[in-house]
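Notes to accompany the following structure.
The values are calculated or read from the model by the stated rules, or taken from the named source; none is laboratory data. Keep in mind that this is a model prediction, so the values were computed, not measured. Cβ placement follows ideal geometry from the backbone for every residue including glycine, while neighbour counts extend to all protein chains displayed.
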Amino acid sequence: MQPHLIFDPALSSEELRGFTRTVAEIEWLLLILVMLYQVVLAPDDEVTAALSMALLFFAAFVLSFHYANFYRQETHWKIALETWVMIAFITWVLAYTGGADSPLSDLYILVIIVSALTLGKIATLLEMGLIAVCYIWLGYPQKHEDVLSLPFGARLLAQISPMLLVAYITTMLSADIRRAYGHMKVLSETDELTGVLNMRAFAAVAERVFFQAERYARPFSVLMVDSDSLKTVNDNHGHETGNRLLKLTVECIRGQLRQTDLIARYGGDEFVVLLPETPCSGAVGVADRIRKSMESAPLSTRGKTVEATLSIGVACYPTHGADLEAILDKADQAMYASKAGGKNRTTMFSA
């Protein structure tokens, strides 16, 4: 079975890192609860010694995973391994504190919460199956003939039903939280009108592209694209038509880009395009195709067709600058040169 079929693919590694602190706190809570039982309710020295050994090994495990960088990358498998170790620890504790009837049997709920928050429905269901097996082993180690009986099934269901309820509620809440988070993330990273990246999101991605280009000595290019017609359209046909023009401009730009290229709204009627692995000659060709696409794109309003054109400036790394900010500035200067030269043209930066 593929890992993405077991674990919830909606949770990225970045979001998993955000859950690390929560998982660690749940593990420490588990340690504290067992320690309190040991101090207050442990019946004899044998149980105390067994619990002390379990506490020592589990504390060492938590410290190595969360504080000693034993496992540097946060993945679904890493958290799954933590839940398996939690189940083993709890099962060991229950074996010395009354088995399935132990007052600590509800500690399995902590495992279910961790799994439901981070691993998704299928993985949580598998965890529940593993816990059910542990219950069978703890409650009926020498009564194998009763495992398939109706009283046994009813008793097992009564014991694990609270965990099933917790698993269901937690996975539903987790899914709702992730949907809300994803929606807020989209809103914070995109321009509301056109749906392209805003400059904050563009800067974060463009910075990574620049570091890659710098490290491997690879080129990239930046296009500054400005509408020649927005002010006239707004004045003569209204802002609603102007908004349609901006959306049409984005469609014309996107139609000439690859999946790896980036587009963001720079401000007003100006857009910035980042072309990774693209030298100046290739960038000029892309810019000309964008212009021609805009020229031939119909914008109709009140039975009339409105003509719209674009002025584009091009700058390239490393030809026109040694850092991203310099390339953006040179592309902007080239765009204004296109405006000054008569509009509806592409200009590559030249000192």
If we keep just the residues of region 237-282 that are of a type in the set (S, T, N, Q) and touching a residue at least 24 places away in the same chain (Cβ under 8 Å), which is farthest from Ser296 (Cα to Cα)? Thr278
Only residues in region 319-342 that are within 21 Å of Phe202 (Cα to Cα) count as the first member; pair them with residues that are outside any loop (DSSP other than H, G, I, E, B) and of a type in the set (D, E, K, R), Cβ under 8 angstrom, at least 6 apart or cross-chain, and list the lot. His320/Lys330; Gly321/Asp329; Gly321/Lys330; Leu324/Glu207; Met335/Asp226; Met335/Glu270
Can you confirm whether region 310-328 contains a residue that is among the charged types (D, E, K, R), surrounded by 15 or more Cβ atoms within 10 Å (Cβ to Cβ) and out of contact with any Leu (no Cβ under 9 Å at 6 or more places or on another chain)? no
Residues that are modelled with pLDDT of 85 or more, among the hydrophobic types (A, V, I, L, M, F, W, C) and surrounded by 12 or more Cβ atoms within 10 Å (Cβ to Cβ): which helices (runs of 4 or more DSSP H) entirely in region 1-99 hold 1 or more of them? 13-40, 45-66, 76-95
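Residue-by-condition table, conditions (1) in the same structural domain as Pro318 (by TED's automatic domain parsing); (2) hydroxyl-bearing (Ser, Thr, Tyr); (3) surrounded by fewer than 22 Cβ atoms within 10 Å (Cβ to Cβ):
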| residue | (1), (2), (3) |
| --- | --- |
| Arg254 | yes, no, yes |
| Thr260 | yes, yes, yes |
| Arg265 | yes, no, no |
| Leu275 | yes, no, no |
| Ala283 | yes, no, no |
| Ala287 | yes, no, no |
| Ile290 | yes, no, no |
| Ser296 | yes, yes, yes |
| Leu299 | yes, no, yes |
Which fully enclosed strands (runs of 3 or more DSSP E) of region 240-351 have 2 or more residues being within 30 Å of the chain's Cα centre (by Cα)? 262-267, 270-276
